[in-house]
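Working notes, beginning with the structure itself.
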Amino acid sequence: SRGVSRSAEGDVRVAGVSVHELAAQHGTPAYVLDEADLRSRASGYRRAFEAAFAEIGAGVDVYYAGKAFLSLAVARWVHDEGLRVDTATGGELAIALRAGVPGPHIGLHGNNKSDDEIVTALEAGVGRIIVDSLVEIERVADLAGARGLVAPVMVRVTTGVHAGGHEYISTAHEDQKFGLSVAGGADSPAMAALRRAVERPELHLLGIHSHIGSQILDPSGFEVAARVVLTLRAELAERTGVLVDEVDLGGGYGIAYLPGEVALDPDRIAKDVAASVQASSADLGTPLPRFSIEPGRAIVGPAGLTLYTVGTVKPVRIDDGRVRTYVSVDGGMSDNIRPALYGAQYHAELVGRVSQVEPVLARVVGKHCESGDIVVHEVQLPGDVRAGDLLAVAATGAYGRSMASNYNQVPRPPVVAVTDGRARVLLRRETVDDLLALDQG
Ligand code: LLP
């Protein structure tokens, strides 16, 4: 069984496990991850892109972007489902390797990689290091050369396409830290970096990488960016005689956070992108490269929810005399920073019982010492919502636990996987003793 079900008596189950049982066994707050759901999204993306790109005669690899959430089990699940793993730091790389993901199936990103991270990646034989600056091209080449290795690299470029849910998570416009700009044609920073990567014998230039942003719901940006990258590839071939084999189109596939919102459909987008790259490469007169994509949120986001227990409930009179019911829960911005950081919207439901009481305008808030500590800005909850009630917040699987903090010395919640009626802890709950253990007095 996959997904959330609710009986007439209000018994809510995730993958066949009752939320009461989960709360009783593991406490709250807790992140709950539906393994079958995650796996089917992973294989769904892989199948959709493989099918659509097979139609145009191109291969494609799907890398799961581990920044969205990574643990040993999750790395194994996505590997089982035929995905590769994209990492952005030495920590993510270590988890992927420890999980048994083969080095050649791992990519390493980062705009400021340490020597340690680069060397670990080289020694693990990662399939690709995505380089993000001219200086890094020299560093990776030097570190590889010193070890008698040839580093497989992609150059990350910025296409000028500005996409995604929030300025902080849009990555391909000009004034930000990632990638090398394609602006300037033959003299662009991107072209200079690609040429340098071709020149250095310690590097094998696999291809060009573009990531345009995150939580993208308008698919046209992917098509525009793909065209820009394919054009750059053709220009590089003209200038150097090297037609690179691979193009990565990044991640960023948007999901539904609220009831009624519609996620990007992987089949649809795969077909659209495939059609557009086919048209571009016909115009350019270059054969198609192998493609890859790096979805994170779309794989793990909808597969996760957070369970909270309600504490204080406080009616607060707002602007025009209306009342907003502030419902405090036992977590907050330490387990989900996204509302505070991006103004992200979520949906909460009472899951422990059924109430016939009229809904009221509510705001779900955390237990931290800031008024911006909001879990759900605006939601209708039954008017009798009270201490001890269980609330579930949907679609918290991505960038929840992975961006969690210990603000106010709050221990981070566990991640509990549910599969076929059974629950298993993937990451245990932190304790105050864990926090004290770091403190050297
Ligand atoms: N590839 C690269 C190079 C990336 O930088 C990212 C995300 C991804 C793939 C995966 O993007 P996704 O498919 O998950 O959208 N913390 C923010 C999202 C930051 C995304 C950063 N890079 C949030 O909570 O919305």
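Some values worked out for this structure:
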| quantity | calculated |
| --- | --- |
| Count of the stretch 341-354 residues which are farther than 21 Å from residue 260 by Cβ and within 16 Å of the ligand (Cβ to nearest atom) | 1 |
| Hits in the stretch 386-413 (condition: more than 16 Å from the ligand (Cβ to nearest atom) and either in a helix (DSSP H, G or I) or surrounded by fewer than 20 Cβ atoms within 10 Å (Cβ to Cβ) (or both)) | 386, 387, 388, 406, 407, 408, 409, 411 |
| Any hit, the stretch 15-25, residues being within 16 Å of the ligand (Cβ to nearest atom) and closer than 27 Å to residue 416 by Cα | no |
| Among (1) without any contact (Cβ under 8 Å) to a residue 40 or more places away in the chain; (2) within 14 Å of the ligand (Cβ to nearest atom); (3) among the small types (Gly, Ala, Ser); (4) at negative phi, the one test that residue 103 misses | (2) |
| Residue in the stretch 211-224 that is in contact with an Asp or Glu (Cβ under 7 Å, 6 or more places away or on another chain), over 21 Å from residue 84 (Cα atoms) and away from the ligand (no atom under 14 Å from the Cβ) present | yes |
| Options 118, 106: the member that is assigned by TED's automatic domain parsing to the domain that holds residue 292, crowded, with 24+ Cβ neighbours inside 10 Å and within 24 Å of residue 245 (Cβ to Cβ) | 106 |
| Residue within the stretch 304-318 that is outside any strand (DSSP E or B) and away from the ligand (no atom under 16 Å from the Cβ) present | yes |
| Residue within the stretch 379-387 that is within 17 Å of residue 14 (Cβ to Cβ) and assigned by TED's automatic domain parsing to the domain that holds residue 12 present | no |
| Subset of the stretch 382-411 [closer than 17 Å to residue 65 by Cα and of a type outside the set (Gly, Ala, Ser)] | 396, 399, 401, 403 |
| Subset tally (residues that are crowded, with 19+ Cβ neighbours inside 10 Å and assigned to a helix (DSSP H, G or I)) for the stretch 277-303 | 7 |
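Rundown of residues vs (1) over 18 Å from residue 68 (Cα atoms); (2) out of contact with any helix residue (DSSP H, G or I) (no Cβ under 7 Å at 6 or more places or on another chain), yes/no style:
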residue	(1), (2)
222	yes, no
227	yes, no
233	yes, yes
237	yes, yes
240	yes, no
249	no, no
252	no, yes
255	no, no
258	yes, yes
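For every residue, the table says whether it meets (1) within 22 Å of residue 411 (Cβ to Cβ); (2) within 16 Å of the ligand (Cβ to nearest atom).
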position: 331; (1), (2): yes, no
position: 339; (1), (2): yes, yes
position: 356; (1), (2): no, no
position: 365; (1), (2): yes, no
position: 370; (1), (2): yes, no
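The values are calculated or read from the model by the stated rules, or taken from the named source; none is laboratory data. Just so you know, these numbers come straight off a predicted model, no measurement behind them. We place every Cβ from the backbone using ideal geometry, glycine too, and count neighbours over all the protein chains shown.
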